[in-house]
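Please treat every number below as a calculation from the coordinates, not as lab data. Given the structure is predicted, the values throughout are model-derived calculations rather than measurements. No Cβ is skipped: glycine too gets one built from the backbone with ideal geometry, and neighbour counts run over all protein chains shown.
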Amino acid sequence: YSHTWQISEPNEFDIMLVMPVSRLQLDECDDTGAYYYLTFKRNPKEKHLSKFLDEDGKLSAFKMLQALKEIIKREVKNIKNVEVTVKRQKAGSPAITLQIKNPPAEISVDIILTLEVQQSWPPSTQDGLKIEQWLGRKVRADFRNKSLYLVAKQNKNEKVLRGNTWRLSFSHIEKAMLNNHGSSKTCCESDGPKCCRKGCLKLLKYLLEQLKMTHTKKLEKFCSYHVKTAFFHSCVMWPNDTDWHSGDLDHCFQKYLRYFVDCLKKSHLPHFFIPQYNLLSLENKASSNFLLELINKEWNNGFPIFQE
């Protein structure tokens, strides 16, 4: 299949609004190892955050998001010469979305409330981030020394939706891995050898985006994070730059896609940083099978979706 197709212009942006906080106590609120209740250690410096605690002394994501939303709404009113509106929030979404209308195109910006804590990563991450063979031990140690990030995110599995759960976030590390993705330091630098890792990721992201446009409801459980997670696992399985030779895009993409398809078949895609957390749980087996069929159809027909 030809590669002259255009990946759609980005019109959605994420901005993490990072708030540093001092030490927190993290209590797992389910068995994913990703969702936590947060409480402050005794007499915190964060006196100003005490109004966001719920009756059990847990830091309420919901209360903090409400307050942030009010501030943003107030500020948005002061913006001249660009039309900015705050979109209605989807239930349980951690983001406050700004709709920005101004030529050339309309864009939406998600503002994600994020806490940054200078403390070691919780036990659920211990066996994750298996990048030793790919990026090396030292890089892994450096990553694990970075701050812990938590985003205000509703946990779907909570019996009572009280809005006081937070989810670990590793997007800062994911970005670093994408930027420095080679087993050799110079991979894809101006004078270094080129690989097709990012090309493969873009192809699968695009494939899922296009399928989601046609089958929005049936594929709502899937997002680019599934594709990205499968990508990082692929980088670990094929750790050498020679495994991703820039001339082999077709072959590499199909190898990566085969792995993703395999995950769909098994309904098992472990979170890259939290191995016990399966991103494709069995209760979504039906949608996994549906996506599987769509992908196989594309594959067997030589990916017409890329020629449109």
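With each label modelled as a point 7 angstrom along the Cα→C-beta vector, the Asp30-Thr216 pair spans 2.5 nm.
So, with +1 on the Cβ of K and R and -1 on the Cβ of D and E, and no other charges, what is the size of the charge dipole of the stretch 120-232 about its Cα centre, to the nearest 20 debye? Each step should come with its number before you reach the end.
Values: 23 positive and 9 negative charges, 68 e Å.
Using Cβ point charges on Lys, Arg, Asp and Glu, the stretch 120-232 gives about 320 debye.
Over the chain, the hull volume per residue, using the convex hull of the C-alpha atoms, is 163 Å³.
The H on the amide N of Ser184, modeled in the peptide plane, is under 5 Å from the matching H of Asp241, each at least 5 residues off or on a different chain. As a check on your grasp of the helix formula, calculate [θ] at 222 nm for the chain: sum -39500 (n - 2.57) over DSSP H runs of n ≥ 4, divide by the residue count, round to the nearest 500. Calculated mean residue ellipticity at 222 nm is -10500 deg cm²/dmol.
Between the amide H of Tyr277 and those of His271, distances stay under 5 Å, these residues lying 5 or more places away or on another chain, with hydrogens modeled in the peptide plane.
Mean sequence separation of contacting Cα pairs (under 8 Å, at least six apart), scaled by the length of the chain, corresponds to a relative contact order of 20 percent.
Remark: spin-label model distance Met19-Ser224 equals 2.7 nm, labels positioned 7 Å along the Cα→Cβ axis. With the charge dipole of the stretch 158-308 set up from +1 on Lys and Arg Cβ and -1 on Asp and Glu Cβ about the Cα centre, the Cα lying farthest toward the positive end among the listed residues Leu211, Leu178, Ser288 is that of Ser288.
Here's how it looks for Lys146: its modeled amide H is under 5 Å from none belonging to a residue 5 or more places away or on a different chain.
For each pair in Lys185/Lys228; Lys87/Lys217; Lys198/Lys255; Lys138/Lys255; Lys58/Lys221; Lys130/Lys266, compute the distance between the two Cα atoms and list the pairs where it is over 18 Å.
Numbers: Lys185/Lys228 21 Å; Lys87/Lys217 21 Å; Lys198/Lys255 14 Å; Lys138/Lys255 28 Å; Lys58/Lys221 29 Å; Lys130/Lys266 21 Å.
Flagged as over cut-off: Lys185/Lys228; Lys87/Lys217; Lys138/Lys255; Lys58/Lys221; Lys130/Lys266.
When the alpha carbon coordinates of the stretch 36-147 are projected onto the principal axes, the ranges are 50, 42, 25 Å, largest first.
Determine the shape class of the stretch 216-302: with a ≥ b ≥ c the square roots of the Cα gyration tensor eigenvalues, call it rounded for a/c under 1.5, and otherwise prolate if a/b is greater than b/c, oblate otherwise.
Numbers: a/c = 2.44, a/b = 1.27, b/c = 1.91.
It comes out oblate by the Cα gyration axes.
Can you order the peptides 221-231, 62-72 by their average number of other Cβ atoms within 10 Å per residue, highest first?
On the way: 221-231: 19.1, 62-72: 15.5.
Ranked from most to least packed, the peptides come out as 221-231, 62-72.
Select from Cys200, Thr242, Leu168 the residue farthest towards the positive end of the dipole of the chain; place +1 on Cβ of Lys and Arg, -1 on Cβ of Asp and Glu, and compute about the Cα centre. So the residue furthest toward the plus end is Leu168. For the chain, the longest principal axis of the alpha carbon atoms and the long axis of helix 197-214 meet at an angle near 80°.
Once you have the Cα-Cα distance between Lys255 and Asn179, take 0.36 nm times their residue separation minus that, and quote the gain in nm to one decimal.
Details: separation 76, 0.36 × 76 = 27.36 nm, distance 2.16 nm.
The span from Lys255 to Asn179 would gain 25.2 nm if fully extended.
Each other residue within a Cβ distance under 13 Å of Leu208 adds +1 if Lys or Arg and -1 if Asp or Glu, for a net charge of +3. What the Cβ-Cβ distance of Thr85 and Lys285 gives, at R0 = 41 Å and to the nearest 0.05, is a FRET efficiency of 0.60.
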